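The values are calculated or read from the model by the stated rules, or taken from the named source; none is laboratory data. Everything numeric here is computed off the predicted structure, so don't read it as measured data. Neighbour counts run over all protein chains shown; Cβ positions are idealised from the backbone, glycine included.
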Amino acid sequence: MSKTIIPFGPQHPVLPEPIHLSLTLEDEIVVEALPALGYVHRGLEKLCEIRDINQMIQVVERVCGICSKIHAQCFCLGLEKMMNVEPPPRAEYLRVVWSELHRIHSHLLWLGLFADSFGFEALFYQLWKIRERVMDINEATAGNRVIISVNVLGGVRRDLSAEQVRWITSQLNMVEQELKDLQSTILDDYTIRSRTVGKGILTREKAYELGAVGPTLRGSGVAQDCRQLGSSALKHLEFQPVVEQDGDSFARNKVRFLETLQSISLVRQALKGLPKGEIKTKFKGSPEGEAVSRVEQPRGELFYYFKANGTKNLERLRIRTPTFANIPPLAAMLPGIELADVPVIVLSIDPCISCTER
Amino acid sequence: MFKITPMTATVIKNLFTRKSTRPYPHVVREPFELARGELYIDINDCIFCSICERKCPSQCISVDKKKGLWTCDPFACVYCGICMGVCPTRCLHHKKTWRPVATEREMISMQGTPPKAKKKSSAGKEPEGM
């Protein structure tokens, strides 16, 4: 049978961001998928040469619009390690609170988009309605909805009052209740199962071999989560990585849904154990040497490399985002599936392209 | 065969509950107390030390000490609040509400009284770590 090459993207109704896939088809079946990137490169890494380390926190927050807080945290963790600055315990707990809130709203955003990708509009609206509560928590506590700018080298810039802690807890209880009402829909509904179960399978061996990260890896049965490294206050909190064995789109969907509930539990634990004290450590000097830092983003492992020369500007900053690691597994998932399922499977890795291209 | 999905109950419930959206801009939500809205300056308290200009990550502020002019490009401002934190006289603030939608790009320019030459050294120390 003759082969047809169909371009998928960079502009496609299901894609929030531009990625191009060259799909080689035999009849309706994909035999090869070649990804191409480069539509939204902004050169943010290069900016470290003209912006000082404190200004770079606001720059790296703009690498990703959805998990901005976690980018800034990863940047601060690396430089704090290089300069031997220890943030106060309260700041570490507050960092966990805001980063888990970011994970909740990122997963809810993705679950909504995923429902939208196979036409389940009612679920899409319902999930985004729930997400608004989390966005309100961000705005009420940090000042902004998404790019919340709370991190600073040596700690955080904003504190939570006892009243705010009570309000966040009550809001999260509502988010949890509303999500549990949707649990049977997300995990058992036949419209979702018929479009996702058995589609885009990534085996455990293949996921590990191709270096998948985050829910894409955990959906294939590998229990790896960077939060297990215990950065910030996570070493004091109880959690186990959410793992599913099937490796299909449905497993990745389930991992993200269960992780949302897990993050609510982590925020609750962090707020309960919030120690009293300062929120920022004062320090002097500029970084010198090399360092790396790793944290778990909603999409997987985020990796930063720093090279500093004792001035206020970094010599080199390298950012490896989770979607960059998840593109080879995506190219391995697509062969053998029908063209109609491609959008759903592309979305199942939660692609964040502007993050990848920086 | 027709099958009732678990979502049906939620959809029916939504039909009889309050709307989740509001007809913006006719109805606007009460802003949060700590929200970072439009940036403004109490120009009479400003000593034109230029710390906000140097610390701003998006470089949207420019300060002219000789003319006593403080200018901010609201389209470049990222509402991070760094300038507010580093200002030695605490004369920069965020309003709770956002700047209204504009069709023309205008700068926020505030004319103050430039400091006398002798007072140059009393511009204040630069706070650290912000």
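A few remarks follow.
- Of residues in segment A:281-330 being farther than 18 Å from residue A:53 by Cβ and among the acidic types (Asp, Glu), the one surrounded by the most Cβ atoms within 10 Å (Cβ to Cβ): A:296
- Among the criteria (1) touching a helix residue (DSSP H, G or I) at 6+ places or on another chain (Cβ under 7 Å); (2) more than 13 Å from residue A:155 (Cα to Cα), the one residue A:106 does not fulfil is (1).
- Among the residues of segment A:218-240, the ones that are buried (at least 18 other Cβ atoms within 10 Å of the Cβ) and in a loop (DSSP other than H, G, I, E, B) come to 7 in all.
- The residues of segment B:73-98 that are part of a loop (DSSP other than H, G, I, E, B) and under 15 Å from residue B:58 (Cβ atoms), listed by number, are B:73, B:74, B:75, B:76, B:77, B:78, B:79, B:80, B:81.
- Every test in (1) modelled with pLDDT under 85; (2) in a loop (DSSP other than H, G, I, E, B); (3) at the interface with chain A (Cβ under 9 Å from one of its Cβ atoms); (4) surrounded by 14 or more Cβ atoms within 10 Å (Cβ to Cβ) is passed by residue B:10 save one, and that test is (2).
- Beta carbons closer than 9 Å, at least 6 apart along the sequence or on distinct chains, pair a first residue in segment A:106-122 that is more than 17 Å from residue A:297 (Cβ to Cβ) and away from chain B (no Cβ under 13 Å) with a second that is among the β-branched types (Val, Ile, Thr) and in a loop (DSSP other than H, G, I, E, B) for A:116/A:14; A:117/A:14.
- Residue ID - nearest to the other protein chains (Cβ to nearest Cβ), chosen from residues in segment B:13-28 that are surrounded by 10 or more Cβ atoms within 10 Å (Cβ to Cβ) and farther than 20 Å from residue A:185 by Cα: B:20
- Residues in segment A:45-104 that are among the β-branched types (Val, Ile, Thr), under 19 Å from residue A:294 (Cβ atoms), part of a loop (DSSP other than H, G, I, E, B) and within 12 Å of chain B (Cβ to nearest Cβ): A:85 only.
- Within segment A:157-186, the set of residues being among the hydroxyl-bearing types (Ser, Thr, Tyr) and away from chain B (no Cβ under 12 Å) comprises A:169, A:170.
Residues checked against (1) touching a residue at least 12 places away in the same chain (Cβ under 8 Å); (2) within 11 Å of another protein chain (Cβ to nearest Cβ); (3) touching a Leu at 6+ places or on another chain (Cβ under 6 Å):
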| position | (1), (2), (3) |
| --- | --- |
| A:145 | no, yes, no |
| A:202 | yes, no, no |
| A:205 | no, no, no |
| A:210 | yes, no, no |
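- Considering segment A:158-217, the residues that are among the small types (Gly, Ala, Ser) and assigned to a helix (DSSP H, G or I) include one that is farthest from residue A:123 (Cα to Cα), namely A:162.
- Count of segment B:53-92 residues which are more than 12 Å from every other protein chain (Cβ to nearest Cβ), under 29 Å from residue B:29 (Cα atoms) and either in contact (Cβ under 8 Å) with a residue 40 or more places away in the chain or surrounded by 18 or more Cβ atoms within 10 Å (Cβ to Cβ) (or both): 4
- Restricting attention to segment A:331-347 and to residues that are under 11 Å from residue A:201 (Cα atoms) and not aliphatic (A, V, I, L, M), the residue that is surrounded by the most Cβ atoms within 10 Å (Cβ to Cβ) turns out to be A:335.
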